[in-house]
Amino acid sequence: MSHPASGAAAPAAAVPAIEVRALCKSFGSNEVLKGIDFHVDQGEVVCVIGPSGSGKSTLLRCVNRLEEPTTGTVMVEGVDITDSETDLDDVRTRIGMVFQQFNLFPHLTVLKNLTLAQQRAKKRGKAEATEIARRNLAKVGLAEKADAFPAQLSGGQQQRVAIARALSMDPDMMLFDEPTSALDPELVGDVLEVMKQLAKEGMTMMVVTHEMGFAREVGDRVVFMDGGVVVEQGKPEDVLGNPQHERTKLFLSKVL
Amino acid sequence: MKRSTRRRLIQGVLYAVFAAIVLLIILAADWGRIQTNFFNLDVAAQTFPEIVTIAAKNTVVYTAIAFVGGMVLGLVLALMKLSPVLPYRWLATGYIELFRGLPALLVIFGFAYAVPIAFQWRPPGGNAGAGLIGLIVVSAAYIAETIRAGIEAVPKGQVEAARSLGMNPAWTMLTVVLPQAFRIITPPLTNELVILIKDTSLLFIAGMAIADRELTTFARDALTSQANSTPLVVAALMYLVITLPLTQLVAKLERHNKRGR
């Protein structure tokens, strides 16, 4: 193991939830991430913005190794997840992930969507898993949809179920990959509301988003990426209100 | 000539040709002969009850065994073909290409006669059992390709969602991918099943004991002993009695499954 025993004993606040160092990722000859240094502190809400193709989703997907980094290290709570000795499944139970396309399991009811991984990955009993699932469904305002199938729900409801599914694993942090990009405009608000609530409760969040309003209001820090590098980062009001780089200005002039 | 008149004329000619052909068949056929040879009620009555209690029952039992066996072996082959381990992929590909390329009749014959001699091994269930192994081996090759296609048709996001929740590859396959894959492949699997029902007729080549005969073997024996074709017609009706409700049932199942898609 590359991380010494002292890593686990260190005070919780001292270890960043996510720490990415010199991360490069190529798909064939296409270099998507060109040496990223990035971190998310515990309890912090970091919004990653940037034009499409800037590598922001790839960065997020490297954090729970849905994408295999080409070089560089990704540490989650001090554990190097690029180390082949790391129990990746165990780390993943501590990282909730929400996808652009929801990715609910269409053959299972909403309740089963929420209990499946609790029972299979966390080895919780059925009663306990069901109780936790119902609590999280209530939290996203969909308690009455427990027995529905995903296809019977609107996009916004599906995404809230997906958030509840991730929360049911009691994760230490949540990754959001453009969670509202596939939604009809009138359904975006409900999902953002749930995310705001989570942020208020102190959840560590990394959010790849095009919702500048959300980034400004909820984000502790905004990271602007373009062409596979982090161009600029800082407080939302600084990055969004007073960008220092030309590329940031150009991007914001298009989306705001 | 007006376009509409011409269309009506062509249509009239087509109907007239059809009527002429039907008339020709009716007039030319020797109906008495056809009836005594194919629809002889006395001969038909003699096939009962054995055609149901032995032949139809065996056809159903053989189909069930071959289908379940083919599914189990086919699933293993499909997973091997998708395995990251290269030799597994080679093995599965070789198997599938080999047994899809051979006539089922030859494989059944081989398992009934060549394998027992070459390997000094008697398969369980006598000649019927040996033939059935051949049938399983062949159907597994087809079913494997169907299952593999089903697994690959499940969106990648499903696997990503399950893995991001910390589920290991085995549980992901078992609880997320396979249930969806089997829903996708219900129609082609039904096809395999119906084909298998009919392919049990190939088991005759294995040489069946009296009590082991399925529909076709039974009808063939009756045809010889009675010197009459009626048993073939009865057997044909028996096949339809088995296959038609089955395809209906699966169609119903498919509509039910749509709910969860």
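For the stretch A:214-226, check the following and say yes or no: at least one residue is in a strand (DSSP E or B), open to solvent by 20 Å² or more (accessible area, probe 1.4 Å) and either of a type in the set (Phe, Trp, Tyr) or in contact (Cβ under 8 Å) with a residue 40 or more places away in the chain (or both). Break it down stepwise before answering.
The initial filter retains those residues of the stretch A:214-226 that are in a strand (DSSP E or B), namely A:221-226.
Okay, now just the ones that are also open to solvent by 20 Å² or more (accessible area, probe 1.4 Å), so A:221, A:226.
Adding the requirement that they be either of a type in the set (Phe, Trp, Tyr) or in contact (Cβ under 8 Å) with a residue 40 or more places away in the chain (or both) leaves A:221, A:226.
Yes, some residue in the stretch A:214-226 is in a strand (DSSP E or B), open to solvent by 20 Å² or more (accessible area, probe 1.4 Å) and either of a type in the set (Phe, Trp, Tyr) or in contact (Cβ under 8 Å) with a residue 40 or more places away in the chain (or both).
Pairs only if they're at least six apart or on different chains, beta carbon under 8 angstrom, first in the stretch B:236-247 and touching a residue at least 60 places away in the same chain (Cβ under 8 Å), second basic (Lys, Arg) and in a helix (DSSP H, G or I); list them, first residue then second.
Correct list of pairs: B:Tyr239/B:Lys198.
Checking A:Gly28 against (1) open to solvent by 50 Å² or more (accessible area, probe 1.4 Å); (2) within 14 Å of chain B (Cβ to nearest Cβ), only one condition comes out false. Which one?
(2)
Only one of these is open to solvent by 60 Å² or more (accessible area, probe 1.4 Å) and on the phi > 0 side of the Ramachandran plot: B:Ala211, B:Ala227. Name it. First the steps, then the outcome.
Working: B:Ala211 fails: on the phi > 0 side of the Ramachandran plot.
Being open to solvent by 60 Å² or more (accessible area, probe 1.4 Å) and on the phi > 0 side of the Ramachandran plot holds for just one of B:Ala211, B:Ala227, which is B:Ala227.
Within the stretch B:172-182, how many residues are crowded, with 19+ Cβ neighbours inside 10 Å and facing another protein chain (nearest Cβ under 9 Å)?
Qualifying residue count for the region: 4.
How many of the residues making up the stretch B:162-193 are touching a Leu at 6+ places or on another chain (Cβ under 9 Å) and of a type in the set (Gly, Ala, Ser)?
3
Just checking, does the stretch B:54-75 include any residue being touching a residue at least 24 places away in the same chain (Cβ under 8 Å), outside any helix (DSSP H, G or I) and among the hydrophobic types (A, V, I, L, M, F, W, C)?
No, the stretch B:54-75 contains no residue that is touching a residue at least 24 places away in the same chain (Cβ under 8 Å), outside any helix (DSSP H, G or I) and among the hydrophobic types (A, V, I, L, M, F, W, C).
Give the number of residues within the stretch A:31-62 that are open to solvent by 30 Å² or more (accessible area, probe 1.4 Å), farther than 25 Å from A:Gln197 by Cβ and among the polar types (S, T, N, Q).
Summing the residues that are open to solvent by 30 Å² or more (accessible area, probe 1.4 Å), farther than 25 Å from A:Gln197 by Cβ and among the polar types (S, T, N, Q) in the stretch A:31-62 gives 1.
Out of A:Arg65, A:Arg61, I need the residue that is assigned to a helix (DSSP H, G or I), of a type in the set (D, E, K, R) and within 14 Å of chain B (Cβ to nearest Cβ). Which one?
A:Arg61
For the stretch A:227-248, which residues satisfy the criterion of being open to solvent by 10 Å² or more (accessible area, probe 1.4 Å) and either in a loop (DSSP other than H, G, I, E, B) or of a type in the set (D, E, K, R) (or both)?
A:Gly227, A:Glu232, A:Lys235, A:Glu237, A:Asp238, A:Asn242, A:Pro243, A:Gln244, A:His245, A:Glu246, A:Arg247
So the check is Cβ under 9 Å with 6+ separation or different chains; which pairs have a first residue in the stretch B:145-159 that's without any contact (Cβ under 8 Å) to a residue 12 or more places away in the chain and a second one that's crowded, with 21+ Cβ neighbours inside 10 Å and not in a helix (DSSP H, G or I)?
That search, which allows pairs on different chains as well, returns B:Pro155/A:Asn103; B:Gly157/A:Phe99; B:Gly157/A:Phe102; B:Gly157/A:Asn103.
From the list B:Val76, B:Val52, B:Val43, which residue is open to solvent by 40 Å² or more (accessible area, probe 1.4 Å) and within 27 Å of B:Leu237 (Cα to Cα)? Please lay out each step first, then the result.
Values: B:Val76 fails: within 27 Å of B:Leu237 (Cα to Cα); B:Val43 fails: open to solvent by 40 Å² or more (accessible area, probe 1.4 Å).
B:Val52 is the lone residue from the list that is open to solvent by 40 Å² or more (accessible area, probe 1.4 Å) and within 27 Å of B:Leu237 (Cα to Cα).
From the list B:Leu240, B:Leu232, which residue is more than 26 Å from B:Ile143 (Cβ to Cβ), at pLDDT 90 or above and open to solvent by 40 Å² or more (accessible area, probe 1.4 Å)?
Details: B:Leu240 fails: more than 26 Å from B:Ile143 (Cβ to Cβ).
Just a single option satisfies the conditions, and that option is B:Leu232.
Can you work out which of the residues in the stretch A:171-181 that are assigned to a loop (DSSP other than H, G, I, E, B) and over 18 Å from A:Lys122 (Cβ atoms) is farthest from the other protein chains (Cβ to nearest Cβ)?
At the first step, the residues of the stretch A:171-181 found to be assigned to a loop (DSSP other than H, G, I, E, B) are A:171-172, A:178-181.
Adding the requirement that they be over 18 Å from A:Lys122 (Cβ atoms) leaves A:178-181.
Values: A:Glu178: 13, A:Pro179: 13, A:Thr180: 17, A:Ser181: 14 Å.
Among residues in the stretch A:171-181 that are assigned to a loop (DSSP other than H, G, I, E, B) and over 18 Å from A:Lys122 (Cβ atoms), the one farthest from the other protein chains (Cβ to nearest Cβ) is A:Thr180.
Check B:Ala144 against each of (1) open to solvent by 20 Å² or more (accessible area, probe 1.4 Å); (2) within 18 Å of B:Val76 (Cβ to Cβ) and name the one condition it does not meet.
(1)
Just for helices (runs of 4 or more DSSP H) wholly inside the stretch B:3-50: which have at least 1 residues that are in contact (Cβ under 8 Å) with a residue 24 or more places away in the chain? Let's see the steps before the verdict.
Values: elements: B:3-28, B:31-38, B:41-47.
Correct list: B:31-38, B:41-47.
Looking at the stretch A:77-161, what helices (runs of 4 or more DSSP H) fall wholly within it and have at least 1 residues that are of a type outside the set (Lys, Arg) and crowded, with 22+ Cβ neighbours inside 10 Å?
Passing ranges, in order: A:110-120, A:126-139.
Checking A:Ser168 against (1) open to solvent by less than 10 Å² (accessible area, probe 1.4 Å); (2) more than 12 Å from every other protein chain (Cβ to nearest Cβ); (3) of a type in the set (S, T, N, Q): exactly one of these is not met. Which one?
With respect to (1) open to solvent by less than 10 Å² (accessible area, probe 1.4 Å); (2) more than 12 Å from every other protein chain (Cβ to nearest Cβ); (3) of a type in the set (S, T, N, Q), A:Ser168 is out only on (2).
The values are calculated or read from the model by the stated rules, or taken from the named source; none is laboratory data. Small disclaimer: the values here were computed from a predicted structure and weren't measured. Heads up, the Cβs are rebuilt from the backbone with ideal geometry, glycines too, and the neighbour counts pull from every protein chain shown. These accessible areas exclude ligands, DNA and RNA; they are computed on the full protein's heavy atoms, side chains included. Shrake-Rupley method; radii C 1.70, N 1.55, O 1.52, S 1.80 Å.
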